[in-house]
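Readers should treat all values here as calculations from the given coordinates under stated rules, not as data from a laboratory. In this text the structure is predicted, and so the values were computed from the model without any measurement. No Cβ is skipped: glycine too gets one built from the backbone with ideal geometry, and neighbour counts run over all protein chains shown.
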Amino acid sequence: MLIISDIESLHIELTTRCNARCPMCMRNYRGSDYNSGYPTTELSLADIKKILPPEFIKNKRVLVNGNLGDFGLAKDALEIVEYFIEHNALTRIHTNGSMRTPGWWAQLAHPKVQIGFALDGLADTHSLYRLNTDWNSIIKNAQAFIAAGGNASWRFIAFGHNLHQETECRQMAKDLGFVSFDYINQGRDNGPVYTRAGDFTHWLGEPWHDHVPDIKPMVQSHITWYDSKTFKSSKDTTPLNISCQHKVRKELYIAANGEIYPCCYLGYYPQTMHHPGNEQLKILVKRNNALEYPIEECIKWFDTVEETWNKSSIAEGRLYACVTSCSANS
């Protein structure tokens, strides 16, 4: 694994708080209230300065994009970006953009800052997935950022319900001054969507059944499966070719509680959270909170991740997250 002097980029989750309720996010279960074990927390400007002193952050590439939370909900978000700018760090932010005021977003305009706004369609389709966000507010915030000289991209996740709007969205992005249109196909178009209280609202993609499944047994099945120690995968074979993003990008992932991981796929709070492979991972993680230990100490356990790739199967200890996220053709 990498040593500190090799690190070129950082992936940072500033907060686990989010205003949205996307049905396939780990913050909830298909839109209903459910905390899978993640902490409600965030990194302050003081925390960032402690973890990333000037001599370390200088000239780095920074991606601010949480597994769970949204950049715009972090209390010190603006001040943290200003700190990155001060030390010549090129910063890219991914956000749903449906919070704060246009004036707040305008303050982020700087040549060293790029913002990707999540806009999954037009006003009538966007919030079918991006629950609790407001398309018109996002457009206003993005326009304010662009008008102030900001570099913005329109991030479009492809769903069955918005594909017919792709051409119109591309043209609108061009007309409004977005510098790019990022088409993202992540296979999220599948499953029922519920209210926070657990009442069914609509389907994403093709319905699974001719009836709406009760959410309570689905949640329990979800928990049981995530706690399993014997996952199987079609790629659970030998030999295994891992294209490790941590190694390729020379990157660290910093979670919102200060914990350090090789990448975001391993950073789903393994000590507390129901997530695939966390039962495997929690055994490996040692002294990795950068608010308590120096980064050099926090990354010592990283070598044990690569050692698991030599295991014969996931059941024998090969890390599920590595197999399913970064193995060849995953």
Determine the sum of side-chain charges near N65: Lys and Arg each +1, Asp and Glu each -1, restricted to other residues whose C-beta is under 13 angstrom from that of N65. -1
Are any of the pairs K112/K250; K247/K282; K58/K174; K112/K174 more than 31 Å apart by Cα-Cα distance, and if so, which? K58/K174
Under 13 Å between alpha carbons, and skipping anything fewer than 8 positions from K60 in its own chain: which aspartates and glutamates qualify? D6, E8, E86, E251
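Going from the alpha-carbon gyration tensor of the range 93-136, what semi-axes, largest first and in whole Å, does one get by taking the root of 5 times each eigenvalue?
Working through the eigenvalues yields semi-axes of 22, 11, 8 Å.
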By the mean-Cβ-within-10 Å protection proxy, highest first, 216-226, 54-64 rank as 54-64, 216-226
quick note, the range 4-226, DSSP beta bridge pairs, % antiparallel (nearest 5) is 25 percent
Going through the range 67-117, which trypsin sites (Lys or Arg not before Pro) have at most 16 other Cβ atoms within 10 Å and a DSSP loop state? K75, K112
Expressed in angstrom and ordered largest first, the alpha-carbon extents of the range 4-226 along the principal axes are 58, 42, 31
Neighbour-count ranking for H275, H110, H209, H126 (other C-beta within 10 angstrom, fewest to most) reads H209, H110, H275, H126
Report, by chain and number, residues whose modeled amide H sits under 5 Å from the one on V64, excluding near sequence neighbours (fewer than 5 apart, same chain). I12, R92, I93, H94
Highest first, please rank the peptides 25-37, 192-204 by the mean number of other Cβ atoms sitting within 10 Å of their residues. 25-37, 192-204
Amide H neighbours of E259 under 5 Å, at least 5 residues apart or on other chains, H built in the peptide plane: list them. A290
Within the chain, which cysteines find no other Cys whose Cβ is under 4.7 angstrom from their own? C18, C169, C244, C263, C264, C298, C322, C326
For the range 80-92, what does the Karplus curve 6.51 cos²θ - 1.76 cosθ + 1.60, with θ = phi - 60°, yield as ³J(HN,Hα) per residue in whole Hz, taken in order and with x for Gly and Pro? 5, 5, 4, 5, 4, 4, 4, 10, 6, 8, 6, 10, 10
Taking E8, E279 and counting other beta carbon atoms within 10 angstrom, the fewest-first order is E8, E279
How many angstrom lie between the C-alpha centres of the range 98-148 and the range 1-45? 20 Å
